[in-house]
1. Taking H placed 1.01 Å from N in the peptide plane, check which residues at least 5 places from Met104 or on another chain put their amide H under 5 Å from its amide H.
2. Give me the extension gain from Leu236 to Arg572: residue separation times 0.36 nm, minus the current Cα-Cα distance, reported in nm with one decimal.
3. Along the principal axes of its C-alpha atoms, what lengths does region 41-316 span, in descending order and rounded to whole Å?
4. Using alpha-carbon positions, what is the distance between the centroids of region 403-473 and region 627-652, in Å?
5. Taking the Cβ of Leu324 as the centre, find all other residues whose Cβ is under 13 Å away and add up their charges (Lys, Arg: +1; Asp, Glu: -1).
6. At q = 0.14, 0.25 Å⁻¹, what is the base-10 log of I(q)/I(0) for region 512-613 according to the Debye formula with one equal point scatterer per Cα and no solvent? Please give it to two decimals.
7. Rounding to the nearest 10 and keeping the result within 0 to 90°, find how far the Cα-based axis of helix 169-183 lies from the longest principal axis of the chain.
8. What do you get for the angle between helix 323-339 and the principal long axis of the chain? Use alpha-carbon atoms, 0 to 90 degrees, nearest ten.
Amino acid sequence: MCYPQRMMNVEQTIKRGLGNLERLQAERGSWPSDYGGPMFLLPMWVALAYVTKRLPNAHRTERLLTYFTNVQRPDGSIGLHAESTSGSMFTSTLSYVAMRLLGMQAEDPRATTLLGWIHSNGGALGAASWGKFTLCLLGLYDWKGIVPLLPELWILPPEAPLHPSRLWCHARMVYLPMAWLYGNKCIAADDPLLRSLREELYQGTYQDIAWEAQREVVAKADSYRPSTAALKGVNLAQVGLEKLSGLLRKRALDECLKLIRHEDAATHDLDIGPVNAVLNMFVHHFRGSEGRADFERGWPKFDDAYLWDGHDGLKMQGYNNAELWDTAFAMQAITASERAGVLTPDDTKRVLGKAYEFLRANQILEDVPEAARHYRHPSRGGWPFSNREHGWPITDCTAEGLKCALALEGRFEGKIPELLLHDAVRLMLSWQNADGGWATYEKQRGGTWLEALNPSQVFGDIMIDASFVECTSACIQALVKAKERFGSRFQLDDVIARGVAFLRSQQRPDGSFEGSWAVCFTYGTWFGISGLRAAGVKQDDPAIQRAVNFLLSKQRSDGSWSEHGDTCRERRWLEGDAGHAAQTSWAMSALLRAECTDRAAIDRAAEWLCAKQEADGSWAREPMVGVFNRTCLINYDCYRHYFPVWALAEWKQASLSPLGRLTSEM
């Protein structure tokens, strides 16, 4: 293919992709999409719906069962996420219970094969800790069979090493309602179906189980993070302390409830995520008449925000959508197309204008009330992952939001006030960790030793909010733009330099950067290169050259890149089955930003992306590419819509430059 023809094909591909993006944009200016995948979320919600007598109607029940059916593995099991390569006792047990609670008969082949897998792989007694906890609420497992979750930890002095405020916010907001529910030993009212489930799960042995002996039992399928000696010691101590619980239990439970209700109020009853949203609602249900108003206010949020009826059935999303995150990236794909000369600002005015309004409307304007008392970092000026109503700002979401706000400043009416842009910068500065990097929601609060106490068994790295390559890179990129915009108003040179030093420290010997929020080395290396280059690191710097060589070594013969989802679990490159559009886009963009001299490799990637575009301007559904806590994949459905457009626009812009360089990168 001659070069002018290649340029024409790329331009046509970008235009079709932009047309697809415009069709997908919601009237409110965002790009809502399927954010499902984790398989422990939906069963927990079904358990709540059953206990509170809120099961859905027949149509929605069928859509729920359709989803369970579509994710069930050939061996009958259900994995930790919808595309797991192996079954999980945690999610298989909860999914079996959920399917039966939804009305599936025990004789249904889907149920019999699933129960058969459970029995042949160690049984429900080996479900990971969150599974056992959920079974306790249903009366399908005895509270004596789990490690105590002491609510008294919440009334320790805040400076105590084991105070829960030191945990990553997602972990502490899950274990908070767990502590209240455990402290009250809450159990649903018994009924014939629950009695039948006890017989089915334990093959008629329920009454004979020695529950205390089951506390540390975990099936091989769920033992990703086995209990350490330190955790076993802490667990034994908690068992002993539980015997003294009468002394402080009421005070501790009252403190937990205050914190739970504050979280509900601060997030407009969305809560930080679906797990603590479900658990908080269990709390309000078991409070009886005192909790009824809280329950009735929060219950509709599941339909409004968390349940998503997708191509494969009705599922629970991993957040109340990813709208701000997706909108910020879509905006950058569109503006990259402007810089490449594919469209003019007049062409994009309608789409970007709506997106900018969504961006403006969803910046967080105030700190939550009594933030320090409730262990919350300041919020004012930040951007969330989803929307302002949710209210938890995140470092990289704030960074991407600020980049878009600065790039589009002055183009549309109702612009974001400059003082709010200053607030965003100040918030980002307040988030920087001592190691120079940025974590997700807050500064790191606890020592890395806390990871030795991870009680989840199925997730990695849930205890502290440590610095990440992606968050650090995004913040560096945004602060570089803030420095250009605000000059000496903020002292940013040292801040950026410390961020660069952190990125350098995270580069692996093979030149790659490990991603933590998507699969995995293509994603992390895209961010690693982008952050270093934004900060002024030269193209010939050894760190950039090693990263380039790593990516080139992983390019497939057809021009694409593909990493298997298990790369994150195993923390080593595992080749995917077929080229992946999002991963190819990240690798291609990284090479362009690094000014890679192997132009043929980049051109092959561009040709592959062009060839894989669908007639409607989209790219086909592909294996899930998002991930959290090493083990659980999650679906960022919009990634296949905007990342190829963005990468191809950068290819075209670099092709137009006499030096083959990108300019004015957002």
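Where a number appears in this text, it was derived from the coordinates with a stated rule and is not lab data. Computed from a prediction, not measured in an experiment: that's the story for all the values here. Here Cβ is always computed from backbone atoms with ideal geometry, including for glycine, and neighbour counts include all displayed protein chains.
1. none
2. 117.5 nm
3. Dimensions of region 41-316 along the principal axes of its Cα atoms: 52, 40, 34 Å.
4. Distance between centres, Cα-based: 20 Å.
5. -2
6. -0.47, -1.36
7. In the chain, helix 169-183 runs at an angle near 10 degrees to the longest axis.
8. 10
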